[in-house]
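**Q** Dropping the structure in here first, questions after.
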Amino acid sequence: MQVIESIEALEEIYGDAVKASLTKVARQITPLYRQWIGASRFCVLSTVGPEGTDGTPRGDDGPVVLELDAQTLALPDWRGNNRIDSLRNIVRDGRVSLMFMVPGAANVVRVNGRAVVAVEPGLLARFEKAGKQPRSVVVVTVEEVYFQCAKAIMRSELWRGEDESGKVPSAGQMIREADAAFDAESYDDGYAEYAKPRMW
């Protein structure tokens, strides 16, 4: 396999970056980026640690993050499976990236920065829902914020509104692939009801 082994060789293939791709980068949350991020109920959190990289979906029923100030975003860690892969990474290496999506919008907004895992009681309380609080909050210091051009979502027709879930295995089936004795059907049939009281 022929591979690229230097930045010079890579740049020779691709040439100069499009000017707008550089000028669109902000060093803090601007009014228009604030509007976008505030409309996003879903993002992907990417981290890196000694064991490698991790990318995890994060979602909420309102804005997925809270802006503490123009340089700082707070992402609550709601109930999950307790693997805490992303949190382990952040504790050891604070570099993070967030990718915010809004249904129907062809662009995405990206934030790069550094994060800590906070357990400050006053901060946890800001996210309280129905008497429940997150166990921790990922606090991101913004270093870069910019939008990603629309081509990837346009190519994939991500928001065309079709249900394609029938083309993929269920979660239960994937667990059973690793554990032949697992009751995939019961897991899949009951998961929605199981999850309802465990969202927050």
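The values are calculated or read from the model by the stated rules, or taken from the named source; none is laboratory data. Keep in mind that what you see is a predicted model, and the values were worked out from it rather than measured. Cβ sites come from the backbone with ideal geometry, for glycine too, and all protein chains shown count toward neighbours. Keep in mind that these areas ignore ligands, DNA and RNA; they rest on the heavy atoms of the full protein, side chains included. Shrake-Rupley method; radii C 1.70, N 1.55, O 1.52, S 1.80 Å.
**Q** I'm checking my understanding of the structure. Among residues of region 47-64 that are under 13 Å from the mean Cα position of the chain (by Cα) and farther than 19 Å from VAL91 by Cα, which one is least open to solvent (accessible area, probe 1.4 Å)?
**A** Within region 47-64, the match that is least open to solvent (accessible area, probe 1.4 Å) is VAL64.
**Q** What's the number of the only condition in (1) farther than 23 Å from MET199 by Cβ; (2) part of a helix (DSSP H, G or I) that ILE90 fails to meet?
**A** With respect to (1) farther than 23 Å from MET199 by Cβ; (2) part of a helix (DSSP H, G or I), ILE90 is out only on (1).
**Q** Further question: Only residues in region 10-25 that are on the phi < 0 side of the Ramachandran plot count as the first member; pair them with residues that are assigned to a loop (DSSP other than H, G, I, E, B), Cβ under 9 angstrom, at least 6 apart or cross-chain, and list the lot.
**A** Pairs found: LEU10/ILE4; ILE13/ILE4; VAL18/CYS149; ALA20/CYS149; SER21/CYS149.
**Q** Looking only at region 185-198, decide whether some residue is touching a helix residue (DSSP H, G or I) at 6+ places or on another chain (Cβ under 7 Å), modelled with pLDDT under 95 and open to solvent by less than 90 Å² (accessible area, probe 1.4 Å).
**A** yes
**Q** Being among the charged types (D, E, K, R) and over 21 Å from PHE42 (Cβ atoms): is that true of GLU120 here?
**A** Judged against the criteria, GLU120 is a match.
**Q** Okay, next question. Between ARG88, ARG92, which is in contact with a strand residue (DSSP E or B) (Cβ under 9 Å, 6 or more places away or on another chain), surrounded by 14 or more Cβ atoms within 10 Å (Cβ to Cβ) and without any contact (Cβ under 8 Å) to a residue 60 or more places away in the chain?
**A** Testing whether each residue is in contact with a strand residue (DSSP E or B) (Cβ under 9 Å, 6 or more places away or on another chain), surrounded by 14 or more Cβ atoms within 10 Å (Cβ to Cβ) and without any contact (Cβ under 8 Å) to a residue 60 or more places away in the chain leaves just ARG88.
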